[in-house]
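The values are calculated or read from the model by the stated rules, or taken from the named source; none is laboratory data. Note that the structure is predicted; figures quoted are calculated from it, not measured. Glycine gets a Cβ as well: all are built from the backbone with ideal geometry, and neighbour counts include every protein chain shown.
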Amino acid sequence: MAVVDRSGAISFGLPFMDRARARFSRLLSRVDEAGSAALPAAWRDLLDCAAEHFACEHIWMRASGFAERKDHSLQHRVVLEVMREGAVHAAEGRLPQVREMARQLKDWYETHASTMDASLARHLRNLRSGRGKADVRPQVSVATRPPRRAAAQHAFAR
């Protein structure tokens with residue numbers, strides 16, 4: 001079963017990160033609960049959520065000078081590629097493979113959230129409290145989609 005723990009055991013202390021984690025968890029649960037007919041759409045929704053969330057994290061990491069950015073981003077790239085393969089499996093009716101991917105994704109995400117995302121949250125909290133580089137501000141390109149820009153700027157609001 002691919003249900004991510006929703007007990008609140010992991011809280012990043014940053015509402016925008018906590019909301020993103022909760023949304024991803026809800027969509028992963030929806031994948032797990034989906035019948036065969038609904039599974040391809042549920043997987044696509046989860047993939048879209050992951051792509052958007054990971055893009056926001058990349059902005060936060062780059063803008064804040066997060067030292068672990070390369071390793072963190074590499075995991076995102078690999079997971080998104082596997083999730084895209086899952087979308088192909090789903091579209092072609094190979095649903096047992098998608099369900100196994102969801103199970104493995106759940107395990108990966110719990111570890112990723114409690115290690116890499118927790119480290120990023122600690123870094124961002126330190127910047128917000130003034131314990132980090134005081135002059136760091138997000139540098140967001142014009143090409144960034146508005147929701148990502150707003151999310152990135154919110155991360156640095158004092």
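Screening R26, R21 for residues that are on the phi < 0 side of the Ramachandran plot, modelled with pLDDT of 95 or more and of a type in the set (K, R) leaves exactly one candidate, R26. Considering E92, E100, the condition of being surrounded by fewer than 13 Cβ atoms within 10 Å (Cβ to Cβ), over 21 Å from P15 (Cα atoms) and modelled with pLDDT of 95 or more is satisfied by E92 alone. In region 51-64, the residues that are touching a residue at least 40 places away in the same chain (Cβ under 8 Å) and in a helix (DSSP H, G or I) never reach a residue that is of a type in the set (F, W, Y) and crowded, with 21+ Cβ neighbours inside 10 Å with C-beta atoms less than 7 angstrom apart, at least six apart or across chains.
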